Amino acid sequence: MKPSTNRMLTRIKSVYMFISNNGTVSTQELVEEFGITPRTIQRDLNVLAYNELVKSPSRGIWTTTSKRVKMSS
């Protein structure tokens, strides 16, 4: 796996864990927490939403779904 792909997957996993640990978060909170652009966060959230791991009950607000996730290191 390319280093950039590995970095992206690690970041997406971290974003998921942050949302999971905090319940409901805003896109802006994620931008501030991870120090990356809103566009990058949006791409990461799109990956998580596509895989039914997060949902947006209202614009700019994110929470995890009830889908079970098996975490590996």
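The values are calculated or read from the model by the stated rules, or taken from the named source; none is laboratory data. Source: prediction; values computed, not measured. In case anyone asks, the SASA skips ligands and DNA or RNA and just uses the protein heavy atoms, side chains included. Shrake-Rupley method; radii C 1.70, N 1.55, O 1.52, S 1.80 Å.
From the square roots a ≥ b ≥ c of the eigenvalues of the alpha-carbon gyration tensor of the chain, which class results: rounded (a/c under 1.5), prolate (a/b over b/c), or oblate?
Here the chain falls in the oblate category.
Which lysines, if any, have their Cα less than 21 Å from the Cα of K70, not counting same-chain residues under 8 positions apart?
Partners found: K13, K55.
Which ³J(HN,Hα) values, rounded to whole Hz and listed in residue order, are derived for the range 59-70 from phi using the Karplus coefficients 6.51, -1.76 and 1.60 in 6.51 cos²θ - 1.76 cosθ + 1.60 with θ = phi - 60°, glycine and proline given as x?
3J(HN,Hα) across the range 59-70, in whole Hz: 3, x, 10, 10, 8, 7, 8, 8, 5, 6, 10, 9.
Which of these, T37, T27, T63, has the largest mean-square fluctuation under a Gaussian network model of the chain (Cα springs below 10 Å)?
In this elastic network of the chain, the residue with the biggest mean-square fluctuation among T37, T27, T63 is T37.
Probe radius 1.4 Å, ligands and nucleic acids ignored: give me the carbon and sulfur share of the accessible area of the chain as a rounded percent. Spell out each step's value before the answer.
On the way: 2610 of 5170 Å².
Solvent-exposed carbon and sulfur of the chain make up 50 percent of the total.
For the chain, report the accessible area per residue in Å² (1.4 Å probe, heavy atoms, rounded to an integer). Please report the intermediate quantities before stating the final value.
Numbers: 5170 Å² over 73 residues.
Averaged over the residues of the chain, the accessible area is 71 Å².
Using just the helices of the chain, give the 222 nm mean residue ellipticity in deg cm²/dmol: DSSP H runs with n ≥ 4 each add -39,500 (n - 2.57), and the total is spread over all residues, rounded to 500. Walk me through the numbers on the way to the answer.
Working: 3 runs with 41 residues, N = 73.
It lands at -18000 deg cm²/dmol.
Quick query: amide H of T65 versus all other amide H atoms, modeled in the peptide plane; which residues come in under 5 Å with a sequence gap of 5 or more or a different chain?
Result for T65 returns V54, K55.
Using Cα pairs under 8 angstrom and six or more residues apart, how large is the relative contact order of the range 3-64, in percent? The partial results should precede the final answer.
Numbers: 52 pairs, mean separation 24.9, N = 62.
That works out to 40 percent.
Which of the aspartates and glutamates could a cross-linker span from K67 if the Cα-Cα distance has to be under 18 Å and same-chain partners fewer than 8 positions apart are dropped?
Leaving aside aspartates and glutamates fewer than 8 places away in the same chain, those within reach of K67 are D44, E52.
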